[in-house]
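Scroll down for the structure; my scribbles are underneath it.
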Amino acid sequence: MRGVVMYGPRDVRVEQREKPTITKSTDAVIKIAATCICGSDLWPYRGTDSVHESPMGHEYVGVVEEIGSDVKNVKGGDFVVGSFMASDNTCEICQAGYQSRCVHVVPMGQFGTQAEYALVPHADGTLVATPGQPDADLIPALLAASDVLGTGWFAAVAAEVGPGKTVAVVGDGAVGLLGILAAKQLGAQRIIAMSRHADRQELARKFGATDIVEERGDDGVARIKELTNGLGAHSTIEAVGTQESMMQAIRSTRAGGHVGYVGVSHDVALPGEELFFSGVHLHGGPAPVRRFLPELIQLIWDRAIDPGAVFDLTLPLEDAAEGYRAMDERRATKVLLTV
Ligand SMILES: [Zn+2]
């Protein structure tokens, strides 16, 4: 089969890889219908994370091709969505809703879903079948659910977004934008998107942002305070993962408020004394997307939300290298790869 392999920074190739086969009775193999490039794939692409001949990709939707003998919840031919973390969905951690930290967790990134087929461990716990075969125009939205929508949704839930609340969103990548969509669905009264890019501001407004703040760092925090009677937001979504973005999120939040952080943390060090006196709640981490999948799939199926709008470039799998370039150069927010 064809699949994406990253050999080193800015060296992405599409080449022949071995087609996966069932190795455990709880596995499934799926034929990928669509996959995509994640903002987190840019960390190794830019050389921040080390990489050497790694298969790439952890987002996927597709059709079940083959199942192991113990798989009961999905069958051959089902169209399925799964999280970027495979989980059994039965252990205590999963049952508490934290499937991305399952005691048997298997990160899907190691298999590289930017390919024609993917192995899915813990198929019963990981995969959720859609109500039927989706119309082609729903596939981008379902694909978004496998990571960026689920992650933005978790960020909003972790930030305790709810009716009447003012939400600030730090980060205008796909996750931040879909955090806006989630905040709107969860009833936020006011949603302040922090973005300096005109195209992303437009998408932010489409997803439900009521205000845009272009300033960053201390100036951005000052603008959030101005917009909230000097108090700060009730709920802040952090969707970047840098020291600057994390501090911007904490400082934009009022005492007693909540920060939901989902940007993959890179060298973030929180100053204890400032954290102590901030009085904010911090909750985040790798999103337990599996917790939200049934609800998100239904919202998409009913066409109540369209997270697929976050994809602004679609390329065939063979052109993955151009997709990485486009995201790296910010010519694209999120690239969908057709298979
Ligand atoms: Zn588990």
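None of the figures in this text is laboratory data; all of them are computed from the coordinates on show. Treat the numbers as computed from the prediction; the structure is a model and nothing was measured. Because the Cβ atoms are built from the backbone with ideal geometry, glycine has one as well, and the counts that use them run over all protein chains shown.
Dipole magnitude of the stretch 151-284 about its Cα centre, charges +1 at Lys/Arg Cβ and -1 at Asp/Glu Cβ only, in debye to the nearest 20? Don't skip to the end; give the middle numbers.
Values: 12 positive and 15 negative charges, 103 e Å.
Result for the stretch 151-284 is approximately 500 debye, rounded to the nearest 20.
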Seminar exercise, completed: Once the in-chain neighbours fewer than 8 apart are removed, the aspartates and glutamates whose Cα is under 15 Å from Lys72 read Asp27, Asp88, Asp124
Problem set entry | Met194 long-range amide H proximity, modeled H, under 5 Å | Val169, Gly171, Val213
For this session: Give the residue from Leu178, Ala188, Leu227 lying farthest towards the positive end of the charge dipole for the stretch 151-284; charges sit on Cβ (+1 for Lys and Arg, -1 for Asp and Glu) and the dipole is referred to the Cα centre.
Result: Ala188
Seminar exercise, completed: Within the stretch 285-339, DSSP-loop GluC sites (Glu not before Pro) with at most 10 other C-beta atoms within 10 Å are Glu329
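Take the Cα gyration tensor of the chain, multiply each eigenvalue by 5, square-root it, and list the three semi-axes largest first, rounded to whole angstrom.
Details: eigenvalues 216, 90, 70 Å².
Its equivalent ellipsoid spans semi-axes of 33, 21, 19 Å.
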Exercise. Under a 5 Å amide H to amide H cut-off, with H placed in plane at 1.01 Å, what residues pair with Ala86 once short-range neighbours are removed?
Worked result: Val106, Met108
Exercise. Between Arg254, Arg46, Arg205, which gets the highest mean-square fluctuation from a Gaussian network model of the chain, Cα cutoff 10 Å?
Worked result: Arg46
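Loop-only GluC sites (Glu not before Pro) in the stretch 44-77, please: DSSP not H, G, I, E or B, and at most 12 other Cβ atoms within 10 Å.
On the way: sites: Glu53, Glu59, Glu65, Glu66; in loops: Glu53, Glu59.
Here the sparse-neighbourhood loop sites are Glu53.
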Problem set entry | For the stretch 147-214, alpha-carbon Rg over 2.2 N^0.38 Å | 0.94
Exercise. Across the Cα atoms of the stretch 137-282, what radius of gyration and what greatest pairwise Cα-Cα distance (Dmax) are found, in Å?
Worked result: 13.9, 50
Seminar exercise, completed: Note, Gly125: beta-carbon cut-off 12 Å, +1 each Lys/Arg, -1 each Asp/Glu, net -1
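Which of the pairs Lys24/Lys184; Lys31/Lys334; Lys19/Lys334; Lys184/Lys225 have their Cα atoms more than 32 Å apart in this structure?
Among Lys24/Lys184; Lys31/Lys334; Lys19/Lys334; Lys184/Lys225, the Cα-Cα distance tops 32 Å for Lys24/Lys184.
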Problem set entry | In order through the stretch 106-123: 3J(HN,Hα) via Karplus (6.51 cos²θ - 1.76 cosθ + 1.60), integer Hz, x for Gly, Pro | 10, x, 5, x, 5, 8, x, 7, 7, 6, 6, 9, 9, 7, 10, x, 6, 4
For this session: Output the relative contact order of the stretch 235-339, whole-number percent, from Cα pairs under 8 angstrom with separation of 6+ residues.
Result: 20
Exercise. Counting each DSSP H run of 4 or more residues in the chain as -39500 (n - 2.57), what helix-only mean residue ellipticity at 222 nm follows after dividing by all residues, to the nearest 500 deg cm²/dmol?
Worked result: -8000 deg cm²/dmol
For this session: Give, rounded to the nearest 20 debye, the magnitude of the charge dipole that the stretch 31-174 has about its Cα centre when Lys and Arg contribute +1 at Cβ and Asp and Glu contribute -1 at Cβ.
Result: 260
For this session: Sequence neighbours fewer than 8 away in the same chain don't count; with that in mind, list the aspartates and glutamates whose C-alpha is under 18 Å from Lys165.
Result: Asp211, Glu226, Glu238
